[in-house]
Amino acid sequence: MKQVTRNIDPGCARNLLERVPRACITFASDHGPQAQPIVLVWHDGRYLADIPEDADRRPGSDQEVVLLVDEGIYFFDLRAIYIRGRVNPVEAPRDAPGGRTWFEVVPSKTVAWDYGALREVSDEH
């Protein structure tokens, strides 16, 4: 059986990590799900993210988060890389602005998609 997919190899979305058009994380808190825009630095295969120190809520150490880097506003321009993992506090990268809390997202699952690359594939189930 055939199906249509938008999924791509995460390596094909690498340029999103190199130039980061838009990034956010989501995580659970006592107040429900939280979404927070972040600054992402992808360096030596590590996902370093920051949140303003004055943010009302931020993830705790070793908490599970979802990191999303995406671009595009029109259907066939939509591209993204989705990373599920845990956060660990880290030192700010060199030349990073002050007033930010930095952490590393350690991935457990990575998925990427590109609606401009829709194609038919064989169903492997």
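The values are calculated or read from the model by the stated rules, or taken from the named source; none is laboratory data. Note that the structure is a prediction, hence the values are computed from the model and not measured. Virtual Cβ from ideal backbone geometry, glycine too; neighbours counted across all protein chains shown. Please note that ligands, DNA and RNA were not included when accessible areas were found on the heavy atoms of the full protein model with its side chains. Shrake-Rupley method; radii C 1.70, N 1.55, O 1.52, S 1.80 Å.
Within segment 9-35, being touching a residue at least 12 places away in the same chain (Cβ under 8 Å), aliphatic (A, V, I, L, M) and either over 24 Å from residue 116 (Cβ atoms) or open to solvent by less than 30 Å² (accessible area, probe 1.4 Å) (or both) holds for 13, 16, 17, 23, 25, 28. When segment 36-62 is limited to residues that are out of contact with any strand residue (DSSP E or B) (no Cβ under 7 Å at 6 or more places or on another chain) and not in a strand (DSSP E or B), the one that is least open to solvent (accessible area, probe 1.4 Å) turns out to be 60.
Taken over segment 79-104, residues that are modelled with pLDDT of 90 or more and either touching a His at 6+ places or on another chain (Cβ under 6 Å) or of a type in the set (A, V, I, L, M) (or both) amount to 5. As a summary of the residue check, residue 21 satisfies the conditions (1) over 17 Å from residue 91 (Cα atoms); (2) more than 14 Å from the chain's Cα centre (by Cα) except for the one numbered (2). Does segment 63-99 hold any residues that are without any contact (Cβ under 8 Å) to a residue 40 or more places away in the chain, more than 28 Å from residue 8 (Cα to Cα) and not in a strand (DSSP E or B), and which are they? 91, 94, 95, 97, 98 - these are the residues of segment 63-99 that are without any contact (Cβ under 8 Å) to a residue 40 or more places away in the chain, more than 28 Å from residue 8 (Cα to Cα) and not in a strand (DSSP E or B).
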